[in-house]
Amino acid sequence: MNAFTLNRRTIMLSAVVGAPTLFVAGRGGASAQAPHPPASGNAGHYRFRVGDIGATVLSDGVIGGPPRVYASDAPEAELQEVLRRAFLPTDHMTLNLNTLLIETGGRRILVEAGAGATMGPNGGRIFRNLAAIGLGPADIDAIVISHTHPDHIGNLRTASGGKAFPRATVFVPRADWDFFVRNDPDLSYMPVPEDFRRRFAAAIKSSLEPVTNDVELYDAGAEIVPGLTTIVAAGHTPGMATLLVHSGNDQLLLTADLAYHPVVNVDNPWRPGPDRDKDTALASRRRIFDRAAADRIPVLGFHFPFPGLGRMLKTDGGYAWVPANWQF
Ligand SMILES: [Zn+2]
């Protein structure tokens with residue numbers, strides 16, 4: 001495993017920032033065949049509608065790490081208790097990768113590309129799930145990225161360094177492009193060794209490199225296509241946007257990484273460790289959660305348990321996550 005030995009400490013630390021442990025091994029080394037995890041037999045796609053717009057959640061699989069990472073300011077005993085009461089492991093939190101395909105105006109638009117092999121062995125399922133609904137990567141016309149962390153862009157690059165979605169225009173928030181791609185970002189806010197920050201930063205540049213000529217930068221607030229509007233939600237990264245899908249009276253709010261897991265970031269108000277500017281992120285979270293709760297807007301949480309659909313309820317002290325009923 002080139003320049004890189006997997007041991008328990010490495011795995012823990014890589015999970016802390018989601019640093020691309022397997023990115024290095026999978027892209028450069030002898031074990032370059034990695035990316036396709038075994039099929040599970042369970043559905044990884046979920047279809048519904050937002051007015052006239054066809055919508056399908058396509059799972060790219062899961063990532064995860066120590067719960068502390070996603071609840072940086074939680075008192076330890078309280079965090080453990082909350083996880084136990086939610087019947088969740090206390091030493092590992094699993095996060096889903098719920099990309100959304102929308103079909104509108106004759107175009108197929110993917111919101112988030114997913115992690116691929118950049119953040120562990122359990123990503124990269126989106127291609128199989130696309131195939132399950134009769135589509136291939138060449139059927140995707142556009143990909144909208146909420147922010148440029150590796151778990152949202154990893155699938156843009158194939159294992160051999162090419163474009164995974166050959167025809168797609170890739171919409172990227174301008175402030176993230178400036179911070180992560182045009183410059184060498186100061187990631188000292190991430191509480192991990194410099195080595196891991198370097199790999200995290202490298203995974204971002206590397207994932208976007210094959211699509212450089214297909215990137216269209218946007219400023220949050222812009223409408224990407226009729227029915228898909230971006231909303232300013234900075235803090236997690238400089239440019240992160242949340243998105244609103246809308247058609248007629250129907251809406252769907254995509255909260256991106258305002259919250260990682262509803263148990264720690266919605267039902268409890270704890271702050272995600274990877275937020276670059278925690279106060280700005282908190283203000284974005286409250287503003288957008290308040291809107292979702294007040295207007296009773298259906299919500300899709302990118303990292304929430306699949307398919308990630310539900311609603312925000314305002315409670316005395318904060319919010320509660322109410323998962324949507326499954327529709328057949
Ligand atoms: Zn994420």
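Rolling a 1.4 Å probe over the protein heavy atoms leaves THR94 with an accessible area of roughly 70 Å². Its DSSP H runs of at least 4 residues, each contributing -39,500 (n - 2.57), put the calculated 222 nm mean residue ellipticity of the chain at -6500 deg cm²/dmol, to the nearest 500.
Of the residues ARG182, ARG174, ranked by 1.4 Å probe accessible area with the largest first, the sequence reads ARG182, ARG174. Antiparallel beta bridges, as assigned by DSSP with both residues in the range 44-312, represent about 75 percent of the total such bridges.
Using a Gaussian network model of the chain in which every pair of alpha carbons under 10 angstrom is joined by a spring, one finds that among SER59, SER160, SER247 the greatest mean-square fluctuation is at SER160. The ellipsoid equivalent to the alpha-carbon distribution of the chain has semi-axes of 26, 25, 19 angstrom, derived from the gyration tensor eigenvalues as √(5λ) and listed largest first. Going by accessible surface with a 1.4 Å probe and the largest first, ASP73, ASP151, ASP178, ASP141 read ASP73, ASP178, ASP141, ASP151.
The accessible area of ILE204, taken with all protein chains in place and a 1.4 Å probe, comes to roughly 0 Å². Of the accessible area of the chain, computed with a 1.4 Å probe over protein heavy atoms only, carbon and sulfur atoms account for 51 percent.
Summed over the residues of the range 44-312 and divided among them, the accessible surface reaches 37 Å² per residue at a probe radius of 1.4 Å.
Here the chain is assigned +1 on the Cβ of each Lys and Arg and -1 on the Cβ of each Asp and Glu. Its dipole about the Cα centre then comes out at about 580 debye. Bridgeable lysines around LYS163 (alpha carbons under 17 Å apart, same-chain partners fewer than 8 residues away excluded): LYS205. When the surface is traced with a 1.4 Å probe over the full set of protein chains, ILE102 keeps roughly 0 Å² accessible. GNM on the chain, alpha-carbon springs under 10 angstrom: the most fluctuating residue among LEU58, LEU88, LEU309 is LEU88. Sites listed here are trypsin sites (Lys or Arg not before Pro) in the range 223-328 whose DSSP assignment is loop and whose Cβ has at most 14 other Cβ atoms within 10 Å: ARG296. The residue list ILE145, ALA71, GLY54 was ranked by how far each Cα lies along the charge dipole of the range 44-312 toward its positive end, using unit charges on Cβ atoms, and GLY54 comes out on top. GNM remark for the chain: springs join alpha carbons under 10 Å apart, and the peak mean-square fluctuation among ALA259, ALA293, ALA241 falls on ALA293. Ranked from largest to smallest solvent-accessible area, with a 1.4 Å probe on the protein heavy atoms, ASP52, ASP316, ASP290 come out as ASP316, ASP52, ASP290.
The values are calculated or read from the model by the stated rules, or taken from the named source; none is laboratory data. On a predicted model such as this, the values are computed, not experimentally measured, just so you know. Using ideal geometry, Cβ is built from the backbone for each residue, glycine included, and neighbour counts are taken over all protein chains shown. Just the protein is used for accessible areas: all its heavy atoms, side chains included, with ligands, DNA and RNA removed. Shrake-Rupley method; radii C 1.70, N 1.55, O 1.52, S 1.80 Å.
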